[in-house]
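Worksheet: one structure, shown below.
The values are calculated or read from the model by the stated rules, or taken from the named source; none is laboratory data. The model shown is predicted, which means the values in this text are computed figures rather than measured ones. Positions of Cβ are backbone-derived with ideal geometry, glycine not excepted, and every protein chain shown enters the neighbour counts. These accessible areas exclude ligands, DNA and RNA; they are computed on the full protein's heavy atoms, side chains included. Shrake-Rupley method; radii C 1.70, N 1.55, O 1.52, S 1.80 Å.
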Amino acid sequence: MATWEDWQIAYSTAYEAIPDKPHTPCPNCGNDTLRLVFTGDSSRGIGYAAFWCDTCLQGIGISRAPIPDGATVRDIHDTPEDRRPQIPNYTLVS
Ligand SMILES: [Zn+2]
């Protein structure tokens, strides 16, 4: 079972890779299916980072994360149902 620290390291790798896909294995299941999507106000450049694995549906969330250029951003002004891409209901690692 991957720890929060393991996820934090993978998050850093994914963050540095933006706008490219991270291509780092999931710390939990090892698949190359990690996703990093920000929800926020792109004009302010700060948002909530959702970082998860599409295979095992585990991950972490980072509040008040700086949104880098080229990141996938869901606009906070859209209603939650209209925000794209959709984020699955994944399990937060604590
Ligand atoms: Zn996984």
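Scanning region 21-62 for residues being more than 16 Å from the ligand (Cβ to nearest atom), modelled with pLDDT under 95 and of a type in the set (S, T, Y) gives a total of 2. S12 meets all of the listed conditions (1) open to solvent by 50 Å² or more (accessible area, probe 1.4 Å); (2) within 16 Å of the ligand (Cβ to nearest atom); (3) of a type in the set (S, T, Y) but one, namely (2). Scanning region 35-75 for residues that are of a type in the set (A, V, I, L, M), part of a loop (DSSP other than H, G, I, E, B) and closer than 18 Å to D6 by Cβ yields one hit, L57.
Taking the conditions (1) open to solvent by 40 Å² or more (accessible area, probe 1.4 Å); (2) in a loop (DSSP other than H, G, I, E, B) in turn, P85 satisfies each one other than (1). The condition (being closer than 29 Å to M1 by Cα, surrounded by fewer than 14 Cβ atoms within 10 Å (Cβ to Cβ) and either over 13 Å from the mean Cα position of the chain (by Cα) or among the basic types (K, R) (or both)) is satisfied by just one residue among D78, D32: D32.
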